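The values are calculated or read from the model by the stated rules, or taken from the named source; none is laboratory data. Fair warning: this is a prediction, and the values are worked out from it, not measured in the lab. Cβ placement follows ideal geometry from the backbone for every residue including glycine, while neighbour counts extend to all protein chains displayed. These area figures cover heavy atoms from the full protein model, side chains too; ligands, DNA and RNA do not enter into them. Shrake-Rupley method; radii C 1.70, N 1.55, O 1.52, S 1.80 Å.
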Amino acid sequence: MFSSIRVSGYKGIVDLNLYKIPRILLIGGRNNVGKSSLLEAIFLALDRMNPELLSRHFSFRGTPSIPLNADALWRPAFHNYNLSEPIEIELCDAKSKLLTLKVRHDSTYTEYNIQQPNIAPADSKKSSTSSSGSAVQALHITATYDKKQVQDSHLTIQGQGFVFQVKHGLRSRVGGVYISSTARSSPREDAGRFGQLDLENKADQILRIVQLVEPRISRLSVIAIGEGVEIHADVEGFPRKIPISLMGDGVGRILSITLSILVTTDGVVLVDEVENGLHHSKLPEFWTAVTRACITANCQLIATTHNYECLAAASKSAAMIDPSCFSYVRFDRAKESGKLTAVQYSNDELSAALEAEFEVR
């Protein structure tokens, strides 16, 4: 879990600081204000050893294939498309230790390739070897944890793919999952998470949560057909099991979120537009289940929302279980500077604002 977050130079975020982050943080604000960008930045720090770390945000947002060059893949992640200014992300954990990630475009990086021996003319009876350097499109990615270096690497684009050259690298100690607002989670990944929980005799816990959205489901199971693996459901009135991917968005959404939380012990789950696919009448039960799951797994949830009912349901559920585990942040942009600003509400403050019918979304 993280107690504070700082992001600078990522997309529309010039410099943003959040403090006293609880177990569950909801983020609101107008469209295109930077809510999703914050989630992407956090995941960037957790996924820093992935060669696609600075291009995965396209798939999160449902963007089709992108040309394999720095201008198309990397430049959009830098503030104002400016490759000369670095991206910096700082995450302070519960032990007050700081993980700092820095990503900068390295225009001077040269990759050296050792060539075959050059044979001199026959009469000289001499031979030599040579190496030549060629400039490549590169990112220099460094990270420190508790002031100790945990990563020093270069990511380059060569031919039809990425090359990740790591001088020093340790994966993040904190596990992270990103759930997009548009794309469904991978059926294979959900099946793997369900299988892990089923081994721990927690399948019934997942079933009860899914039944909040679809009470006709009586059983969940993982089934492999050919090379595919997917969760299937026994549904009242149907003669055979139904793949979860063929059911409504609400079932798949609540299943993916709760599975991710329960397997990400001591980690962070990031959910964009958490209420998508869920009917407003189911939100109180959803938030009660999610809050309890976060506490059980000691998992932190950071999510965005535009929905008033979602915000109210999250606040009420936290008030009944543990008011200190929840807070809300509203993003806005200063009219003159355009800088992203954040106003944070404790659960008590949010409850009072909602009761007074103040607009806090």
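Sequence neighbours fewer than 8 away in the same chain don't count; with that in mind, list the aspartates and glutamates whose C-alpha is under 19 Å from LYS35.
Straight-line reach from LYS35, under 19 Å: ASP15, ASP47, GLU88, GLU90, ASP272, GLU273, GLU275, GLU309, ASP332, GLU359.
When the chain is fully extended, how far beyond the present Cα-Cα distance does ILE242 get from VAL136, taking 0.36 nm per residue of separation? Present the calculation step by step, with values, prior to reporting the outcome.
Numbers: separation 106, 0.36 × 106 = 38.16 nm, distance 4.92 nm.
Extending this stretch completely gives an extra 33.2 nm.
Kindly flag which residue pairs out of LYS202/LYS282; LYS241/LYS282; LYS102/LYS167; LYS102/LYS339; LYS202/LYS316; LYS102/LYS148 have an alpha-carbon separation exceeding 18 Å in this structure.
Details: LYS202/LYS282 22 Å; LYS241/LYS282 24 Å; LYS102/LYS167 15 Å; LYS102/LYS339 21 Å; LYS202/LYS316 26 Å; LYS102/LYS148 14 Å.
The pairs that break the limit, which is 18 Å between Cα atoms, are LYS202/LYS282; LYS241/LYS282; LYS102/LYS339; LYS202/LYS316.
What distance in nm separates the simple spin-label points at ARG61 and VAL166, each placed 7 Å from Cα in the Cβ direction?
Each label point is offset 7 Å from its Cα along the Cβ direction, giving 2.8 nm.
Expressed in nm to one decimal, what extension gain is obtained for the pair ASN31 and HIS279 from 0.36 nm per residue of sequence separation less their Cα-Cα distance? Don't skip to the end; give the middle numbers.
Numbers: separation 248, 0.36 × 248 = 89.28 nm, distance 2.12 nm.
Full-extension gain reported as 87.2 nm.
With +1 on the Cβ of every Lys and Arg and -1 on the Cβ of every Asp and Glu, and nothing else charged, how large is the dipole of the chain about its Cα centre, in debye rounded to the nearest 20?
660 debye
Averaging over every viewing direction, what projected area does the convex hull of the Cα atoms of the chain cover, in nm²?
Values: hull surface 95.7 nm².
Computing the convex hull of the Cα atoms and averaging its projections yields 23.9 nm².
Using a cut-off of 13 Å between beta-carbons, work out the net charge of the residues near ILE242 (Lys and Arg +1, Asp and Glu -1, ILE242 not included). Before the final figure, lay out each step's value.
Details: positive: ARG216, ARG219, ARG240, LYS241; negative: GLU214, GLU230, ASP234, GLU236.
Within the 13 Å Cβ shell, the charges total 0.
Using a Förster radius of 45 Å, what is the FRET efficiency between VAL229 and LYS335 based on their Cβ-Cβ separation? Nearest 0.05, please.
Working: r = 51 Å, r/R0 = 1.13.
FRET efficiency, VAL229 to LYS335: 0.30.
If the chain between ASN17 and LEU98 were fully stretched, how many nm would it gain, using 0.36 nm times the residue separation less the Cα-Cα distance?
Values: separation 81, 0.36 × 81 = 29.16 nm, distance 1.37 nm.
Length gained, ASN17 through LEU98: 27.8 nm.
Calculate for the chain the 222 nm mean residue ellipticity that helices alone would give, adding -39,500 (n - 2.57) per DSSP H run of length 4 or more and normalising by residue count, nearest 500 deg cm²/dmol. Could the numbers behind the result be given before it?
On the way: 9 runs with 95 residues, N = 361.
About -8000 deg cm²/dmol.
At ARG361 and LEU68, where each label point lies 7 Å from the Cα along Cα→Cβ, what is the point-to-point distance in nanometres?
It works out to 4.3 nm between the two label points.
Which order, highest average first, do 33-39, 176-182, 156-162, 201-207 follow once you tally other Cβ atoms within 10 Å for each residue and take the mean per peptide? Could you put the intermediate results ahead of the total?
Values: 33-39: 23.3, 176-182: 19.4, 156-162: 12.9, 201-207: 15.3.
My ranking of the peptides, most packed first, is 33-39, 176-182, 201-207, 156-162.
Give me the aspartates and glutamates in straight-line cross-link reach of LYS95: C-alpha distance below 12 Å, same-chain residues under 8 apart excluded.
Partners found: ASP146.
Calculate what fraction, in whole %, of the accessible area of the chain sits on carbon and sulfur atoms when a 1.4 Å probe is rolled over the protein chains.
Numbers: 8840 of 17990 Å².
Within the chain, the accessible surface is 49 percent carbon and sulfur.
Can you bin the stretch 143-241 into rounded, prolate or oblate? Criterion: square roots of the alpha carbon gyration tensor eigenvalues sorted a ≥ b ≥ c, rounded for a/c under 1.5, prolate for a/b above b/c, oblate for the rest.
Numbers: a/c = 3.18, a/b = 2.15, b/c = 1.48.
Since a/c reaches 1.5 and a/b is larger than b/c, the shape of the stretch 143-241 is classed as prolate.
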